[in-house]
Each structure stands twice: as structure tokens, then as C-alpha cells.
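> Got a structure here, written out as C-alpha cells. Questions coming.
The values are calculated or read from the model by the stated rules, or taken from the named source; none is laboratory data. What you see is a predicted model; the values in this text were computed from it and never measured. Reconstructed Cβ throughout: ideal geometry from the backbone, glycine too, with neighbour counts over all protein chains shown.
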Amino acid sequence: MMVLQYGIPSGAAKDKWMVASTSQYTNAVWYGFDQAIDGEMTYFPTWRDWNTPGQINRHMLDIESYISPDTIWGVSQPSDVQDITYLYGTYPHVANDGANYGGKTITSQVSSTGLNYTPTQYTSSYRNNNSYLAGLNASISNGIVYINWLTQDSCSGSRNISLKDNYNNISKYGACLAYNSFLQTSANGKFYADLYQNDVYITSVTSKTNMYAGLPEYFKGNIKACGYFVTSGGKKSETICTDAGYYDPDATAAKDAK
């Protein structure tokens, strides 16, 4: 076990704090030693975790509960505070309105003003109305261009949350918490991508699905794809650009000839 200054083991502490409150009282409890003295065990070891501040606070709150509320007026809840129930871990909040999310829910109190800026997402409000492109993956191999438009229309396993732009090249994956195909739909939509070579526009491709593979042009150099999709209702998503990589057909041919 690592020993810190004054003989205090790692993970131990010379004092403990706890703050508890109701609408009428706020209690702050400090429990411990004024100063640490080497060799005097002026600390609380991890095995002696009796939560003494918590016990003191509990007794104080019990006693305070007997005091008439007429003698001390508490803090009133603001009139615009309301309860919302949403899928745990989602933000903006995904409402629990009957869809099969496969996750647990949580109820919190929030202000109506706050909800005006980050409204809870409901199936009835978003189904087939919004077009949202979560990401775009592109690559080139042997002259074949591969593109995947990420429309977030499923929830299983992990989600690609990589950040790749002019300033970042971070590859990360995160757990999928909510089945959120209702937030946007790619059904019967069309997918588009503009292809660039050394930042010069070359050609465009389209697809009826969110995946494409083809030989749209003879490429040589740094290839970039900028993609978006349009819903069946005519709503266009934002455009996302990503590097597909560098391709040199001469180098590939020379390698194949060896």
C-alpha cells in the first residue's frame, strides 16, 4: 500500500464532508481531524468507512422534520419545472413513448425554458420528417470507391463516433443506447456523394441504399467524398465530407506485377 505524507495510506483521508438539504434546511457536516500527525493515525482507513457524516445528517434531518413548516418557509419550486421521463444516457432526451428501445428510463425535473432549447424527441414529431446524416465513411481500393452513409437507422452493438476532419483524426466507437430510427428515415430516400481528387471536383455518384461500391472515374491522388441523402419527402440532410485515402494506380500495378 502506498503511504502518502504524514503516514496516511493511499485512499484514506483525514476528514470527511457531507452536505444534505431539503426545501427548508441545508446541513453541512464535517467530521475528522484538524491536522494530520505522523504516527498518530489521524486519518480514516478505507476499512473503517462508517459514513459518520451521513449518519449525523440523517439524525439532523429527522429532528428538523419535527419543526413546524410554519416557522420556516422553504424554497418554492419554480412554476415552470416539470417531470420528464426519457431513456437513460440520451441527450437530447429520447422520450419513452412506447417504442422498443431496450434500455432503462429515468425521470428528471427540468424547466420548460430549458426544454425550448433542447426538446425531448418523440416518435410522433420526428417520424419521416427529419433527415439526419450521422456520418460518412469512404475508402478507395484498386480503383473501387466504397461509400457508407451512416443514417443511424438501427441500434445494435456499437456506433462509430469517430471525429475526422481537417484538424482531427480520431477513431472511436461508443455503445448504442437508443433505437432511434424514428428520428430520421432513409427509407425510399436517395444517397448522393461528390468525389474530389486533390480537392478538385471530379464526379458525383448516387445510390438507392446507404452503401455504394463502384468505379465512377479514373482516380489518381488524394480522394475525398462529400455525401448527403434526401428523404422520400424531399428533405436534404447536411453534407459530410471525409477522406477516402490516397490511390495511385501505377503503384498498384507495379505491386501486382511483382
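> Quick check on my filter: what residues within the range 221-251 are surrounded by fewer than 16 Cβ atoms within 10 Å (Cβ to Cβ), part of a loop (DSSP other than H, G, I, E, B) and in contact (Cβ under 8 Å) with a residue 12 or more places away in the chain?
Ser232, Gly233, Glu238, Thr239, Asp248
> Turning to a different aspect of this structure: If I go through the range 176-216 residue by residue, how many of them are at pLDDT below 90, in contact with a strand residue (DSSP E or B) (Cβ under 6 Å, 6 or more places away or on another chain) and farther than 17 Å from Phe229 by Cβ?
Result for the range 176-216: 2.
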